[in-house]
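Just so it is clear, none of the values below were taken in a lab; they were calculated from the coordinates. As the structure is a computational prediction, the values presented were derived from the model and not from experiment. Ideal geometry is used to build each Cβ from the backbone, glycine not excepted, and the neighbour counts take in all protein chains shown.
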Amino acid sequence: MTAHTRPGLDELFERRLTFPDFEPQERLARLVGLDDQKARLTKILGLLVNPAGLDAWAQRHHPDAKALLKHVLRRPPLVVLAGDVGSGKTELAETIGDAVARQEKIEITLFPLSLSSRGQGRVGEMTQLLSAAFDYTVEAAAKLKSTNGRARGAVILLVDEADALAQSRESAQMHHEDRAGVNAFIRGIDRLANGQLPAAVVMCTNRLGALDPAVKRRAADILSFDRPNETQRKAVLGGALQALGLTSGQIEKFVAVTGKGKGCHGFTFSDLTQRLLPAIVLDAYPARGVDPARALEIAQQMHPTPPFEEQKP
Ligand SMILES: Nc1ncnc2c1ncn2[C@@H]1O[C@H](COP(=O)(O)OP(=O)(O)OP(=O)(O)O)[C@@H](O)[C@H]1O
Ligand SMILES: [Mg+2]
């Protein structure tokens, strides 16, 4: 990609997803303890793609409140998912479109753009990527817009690993190039909002504390993500360990050792699903079955991923 040619749609968004679909529905259902985030995100995205829904609601309950609805409907189409590593932000952002598609009975396309793997190369690349991403989103959404308030379909642009954008434009250390990226992002959000297009942007970042004020101000909602509490750890581990033949008494011990300890933060969701459970299985494989005592030892020896430390902006 040179500075002058726009990356192609396939190059920019390698893994476009269309909802409803069986696979994302399953992935979404597997997420534990995020019911509040799921419900809020579905509602916001649902309204962005189908503003007529709110009109119908007002008609029924508050026929005099039309003017007030503008405040709800004119919010910029941006939701920020912020929080600790491995806490389900990407997984939720990639699959929530399925719930919205089913609820609104329309087809939704996800355009996933990760800013960590791309856009850290040549000067100007992040800005160019973002501008191109918004161009494609505007083009696709404009085709789906309809005049009767109910879109024929919708687009979700996922800007993942957006830490580079979560830096304040006011920060003195902020590189000129990053600032241009933030500006391109804000311009893109404003384009979608002004066009009242059936499109929404979901941005994921670990660095809420450093989120640019102009980005923050535009967010219709900021959803935060944390490490799993006891109930959530039990929900993630319980089914898997039970299937391996462990008793509920034994499972309780796993829930306890994966929690906060003295001077130690607890396991992340991804520590449980992507490190601990595989480690237990692979330790036993292929010679024998899983031994509960040995499995607990593995859990006790494993160190949770350190929390993401907010740098001072
Ligand atoms: N709430 C959850 N319930 C069940 N599994 C989860 C949950 N959150 C995360 N996981 C598991 O952890 C994996 C990583 O999650 P994800 O990639 O969404 O984390 P993230 O919040 O985007 O982290 P990062 O900030 O590092 O990008 C998921 O694929 C899933 O297996
Ligand atoms: Mg992620």
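In table form, for the structure just shown:
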quantity	calculated
HN-Hα J in Hz across segment 42-55 - Karplus 6.51, -1.76, 1.60, θ = phi - 60°, x for Gly and Pro	4, 5, 4, 5, x, 5, 5, 8, 9, x, 4, x, 6, 4
Sparse-neighbour loop sites [trypsin sites (Lys or Arg not before Pro); segment 235-289; at most 15 other C-beta within 10 Å; DSSP]	Lys260, Lys262, Arg288
Leu54-Glu26 FRET efficiency (beta carbon distance; Förster radius 30 Å; 0.05 resolution)	0.50
Per-residue [θ]222 nm for the chain (sum of -39500 (n - 2.57) over DSSP H runs n ≥ 4, rounded to 500)	-14500 deg cm²/dmol
Förster radius 51 Å - calculated FRET efficiency between Arg74 and Asp291, Cβ distance, rounded to 0.05	0.30
Normalised alpha carbon radius of gyration of segment 55-139 [divisor 2.2 N^0.38 Å]	1.49
Cα long-axis angle, helix 230-243 against the chain (0 to 90 degrees, to the nearest 10)	60
Among Ile156, Ile106, Ile96, residue whose mean-square fluctuation peaks in a GNM of the chain (springs only between Cα atoms under 10 Å)	Ile106
HN-Hα J in Hz across segment 16-31 - Karplus 6.51, -1.76, 1.60, θ = phi - 60°, x for Gly and Pro	5, 10, 10, 10, x, 8, 5, 5, x, 4, 5, 4, 5, 5, 6, 6
Under 5 Å, built H, 5+ apart or other chain: amide partners of Leu158	Phe111, Leu113, Val202
q = 0.11, 0.14, 0.16 Å⁻¹: log10 I(q)/I(0) that the Debye formula gives for the chain, counting C-alpha atoms only	-0.76, -1.09, -1.26
Inter-centroid distance (Cα atoms) of segment 242-305 relative to segment 176-237, Å	33
Exposure rule at most 13 other beta-carbon atoms within 10 Å, DSSP loop GluC sites (Glu not before Pro): the chain longest free segment	15-169
